[in-house]
Amino acid sequence: MAILFCNVGWMNNYNGAKGDIPKRGGAFNDHSIGHEVCNFTEIDGKIFGYVRSSGKINIKKLGAGKGDEFADGVTIVWTAGPDSGGTVVVGWYKNAKVYKEPQKLLKLSNIHKENKLDFYLIEANSVDAHLIPVNDRAILIPRAVKGGIGQSNVWYAQAPEAKNLVSRIQKYIKNRDFVDIFQDVDGGVGLEGNPRFKTHLIRERNRKIVKEKKQIVFSQTGKLECEVCSFNFKNTYGAIGEGFCEVHHLVPLHQADGLIETKLEDLAIVCSNCHRMLHKGNPLFKLTELKKMMTKKIGLKK
Ligand SMILES: [Zn+2]
Ligand SMILES: [Zn+2]
């Protein structure tokens, strides 16, 4: 099954520019509104998308034959970059038709008319289109890495290096499992809408590995002590603090694809205070950096 990554400007709804102007979609969007503004505007059960590609989309790479006008059955993964940085998946079309040449829309919605938009490149049934709500956009796509999405707005993801990412995204589209994990996260840290941070939290909420990390540290040291300030929940709170600590992910997200497998050595035992402070850094503070910043070594032994 062919897959095509299409990078567009960042919008909340892609349902007209009114109150939802695209940002950061490349140089084009710095000057005017992109044609992706109606990428999730429905017309009679269909959805019509556009991506600004530097050349024609190579539909042969998507399975089209010689002389074909379009490739069929393509999965479109829409990506965009929010102000907070990075590139994330914002939605997808399944079973899409991707045309070589822009197609004229035969019927326009009022929103299309308002936006003076009467052509498209990609077509799908609206039941096959899914837009991820802004606060759930947590799947980071690595850019400018070997075999990864480059500066171009369309990416065929056919390099061997992309295989892993593609299969994970296909799995995500199928199961939406990361979103389900995400629903368990309380957004109380105050960085809602920042996909880098969300992805970070999602990885930390992978219960199995968090449990394993705690077990291993406990079996090796006999305690769960904050690696920054040595705070120990059990020592401070007694029995209710037994076995309690938070687990922080050390690998900065710009070095990971956001869907990468977490290893035990990538995790650190921290207390809730230090954990929040680590997250105040952008990029995240290192444990040693935070340790140096601490003016009062509360939990530390004299
Ligand atoms: Zn601490
Ligand atoms: Zn953390």
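The values are calculated or read from the model by the stated rules, or taken from the named source; none is laboratory data. Because the structure is predicted, anything quoted here is derived from the model rather than measured. Cβ sites come from the backbone with ideal geometry, for glycine too, and all protein chains shown count toward neighbours. These accessible areas exclude ligands, DNA and RNA; they are computed on the full protein's heavy atoms, side chains included. Shrake-Rupley method; radii C 1.70, N 1.55, O 1.52, S 1.80 Å.
Taking first residues from the stretch 134-155 that are not assigned by TED's automatic domain parsing to the domain that holds D83 and in a loop (DSSP other than H, G, I, E, B) and partners that are open to solvent by less than 30 Å² (accessible area, probe 1.4 Å) and of a type outside the set (G, A, S), no Cβ contact under 8 Å between residues at least 6 apart in sequence or on separate chains turns up. Of the numbered criteria (1) in a strand (DSSP E or B); (2) more than 25 Å from D20 (Cα to Cα); (3) open to solvent by less than 60 Å² (accessible area, probe 1.4 Å), the one N95 fails is (3). Do the conditions hold for F197, that is, is it open to solvent by less than 50 Å² (accessible area, probe 1.4 Å), aromatic (F, W, Y) and modelled with pLDDT of 85 or more? No; evaluated as a whole, the condition is false for this residue.
Summed over the stretch 126-135, residues that are touching a Gly at 6+ places or on another chain (Cβ under 9 Å) and surrounded by 15 or more Cβ atoms within 10 Å (Cβ to Cβ) total 6. The number of residues in the stretch 1-27 that are at pLDDT below 80 and crowded, with 16+ Cβ neighbours inside 10 Å comes to 4. For A138, the criteria (1) in contact with a Ser or Thr (Cβ under 9 Å, 6 or more places away or on another chain); (2) within 25 Å of G55 (Cβ to Cβ) hold in every case but one, which is (2). Among residues belonging to the stretch 260-273 that are hydrophobic (A, V, I, L, M, F, W, C) and either assigned by TED's automatic domain parsing to the domain that holds G86 or at pLDDT 80 or above (or both), point out the one that is nearest to ligand 1 (Cβ to nearest atom). So, considering only residues that are hydrophobic (A, V, I, L, M, F, W, C) and either assigned by TED's automatic domain parsing to the domain that holds G86 or at pLDDT 80 or above (or both), the one nearest to ligand 1 (Cβ to nearest atom) is C271. Within the stretch 274-287, the set of residues being more than 16 Å from F231 (Cβ to Cβ), within 13 Å of ligand 1 (Cβ to nearest atom) and without any contact (Cβ under 8 Å) to a residue 40 or more places away in the chain comprises F285 only.
Beta carbons closer than 7 Å, at least 6 apart along the sequence or on distinct chains, pair a first residue in the stretch 61-80 that is in a helix (DSSP H, G or I) with a second that is open to solvent by less than 70 Å² (accessible area, probe 1.4 Å) for K61/Y156; L62/A2; L62/L4; L62/A71; L62/V74; L62/V98. Is one or more of the residues making up the stretch 250-259 among the acidic types (D, E) and at pLDDT 90 or above? No, the stretch 250-259 has no match at all. The number of residues in the stretch 151-194 that are at negative phi and at pLDDT 75 or above comes to 23. The set of residues in the stretch 81-92 being under 17 Å from V166 (Cβ atoms) and in a loop (DSSP other than H, G, I, E, B) consists of T87 alone.
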